[in-house]
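Down below is the structure, laid out as structure tokens.
The values are calculated or read from the model by the stated rules, or taken from the named source; none is laboratory data. Remember, it's a predicted structure, so these values are computed and weren't measured experimentally. Glycine gets a Cβ as well: all are built from the backbone with ideal geometry, and neighbour counts include every protein chain shown.
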Amino acid sequence: MTIGLLIVAAYYLSGGALGEAAQEASDFMDQPQNGMGIQSYTFIRPMGDLLYVIANPAFYIVTFGLVAFLGVGTGSVLMSLVTRSARLQWFESKTEFVRFAVGGLFVGIGGILGMGCTLGQGIAGTSTLALGSFLNLASLIVGAIIGIKLRPRFMHDHEVPVATSGQA
């Protein structure tokens, strides 16, 4: 329920008075800003926007997506520091590193080709009843099932933890 309320709040914020003011400011620029308008949570587009901001800081208005993306990352780091659960971790082997790097590459490419991630298309997109979002969500589910089925074949160098009932 909380996630649903956050999705609706994001649509209200980006499409309400504040969002309209930002859109209007963008419309009067020599080069109107990309990424404006009614939007909700996603991480794929804001990652690209962040690279654009770093390369062209003078020609960019901060968008809802960029603030949400940076806010989730910053909030996660702050929370791990406050709860003293922050720790540095590295890969157990070169094979594991390569597997994660290739997986990250596939996730990035899939997010771009699918025009969104599980959050952007799977939750925010389906809330608008967009047909493409339902197709994307179905593809994400099928991909996850295939990944789970293939995991034993590719993770023989790494023991996968098994959930327990919590009783010792």
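If Gly143 satisfies every condition in (1) at pLDDT below 80; (2) at negative phi but one, which is the exception?
With (1) at pLDDT below 80; (2) at negative phi applied to Gly143, the lone miss is (1).
Mind listing just one residue for me: the one in region 60-97 that is β-branched (Val, Ile, Thr) and more than 22 Å from Ile44 (Cα to Cα) and, of those, farthest from the chain's Cα centre (by Cα)?
Taking region 60-97 and keeping what is β-branched (Val, Ile, Thr), we get 61-63, 67, 72, 74, 77, 82-83, 95.
Subsequent filtering for residues that are more than 22 Å from Ile44 (Cα to Cα) retains 82-83, 95.
Values: Val82: 23, Thr83: 24, Thr95: 26 Å.
Per the stated criteria, the residue is Thr95.
Say whether the condition of being among the β-branched types (Val, Ile, Thr) and not assigned by TED's automatic domain parsing to the domain that holds Gly19 is met by at least one residue in region 124-140. Outline the logic, then answer.
Here is the first cut: in region 124-140, the residues among the β-branched types (Val, Ile, Thr) are 126, 128.
So of that shortlist, the ones also not assigned by TED's automatic domain parsing to the domain that holds Gly19 come out as 126, 128.
So far as region 124-140 goes, yes, one or more of its residues are among the β-branched types (Val, Ile, Thr) and not assigned by TED's automatic domain parsing to the domain that holds Gly19.
Only residues that are loosely packed, with under 14 Cβ neighbours inside 10 Å and among the hydroxyl-bearing types (Ser, Thr, Tyr): list them for region 117-143, please.
Thr128
Just the residues that are touching a residue at least 24 places away in the same chain (Cβ under 8 Å) and either assigned by TED's automatic domain parsing to the domain that holds Gly48 or of a type in the set (A, V, I, L, M, F, W, C) (or both), please, taken from region 97-114.
Within region 97-114, just Ile112 meets the criteria.
Report whether or not Arg99 is basic (Lys, Arg), out of contact with any strand residue (DSSP E or B) (no Cβ under 6 Å at 6 or more places or on another chain), modelled with pLDDT of 80 or more and in a helix (DSSP H, G or I). Don't jump to the end; show me each part of the working.
On the way: basic (Lys, Arg): yes; out of contact with any strand residue (DSSP E or B) (no Cβ under 6 Å at 6 or more places or on another chain): yes; modelled with pLDDT of 80 or more: yes; in a helix (DSSP H, G or I): yes.
Yes.
Looking at (1) at pLDDT 85 or above; (2) of a type in the set (Val, Ile, Thr); (3) over 24 Å from Ala22 (Cα atoms), can you tell me which one Thr118 breaks?
(1)
Checking the structure you have, find out if any residue of region 24-42 is β-branched (Val, Ile, Thr), out of contact with any strand residue (DSSP E or B) (no Cβ under 7 Å at 6 or more places or on another chain) and within 26 Å of Leu135 (Cβ to Cβ).
Yes, region 24-42 has at least one match.
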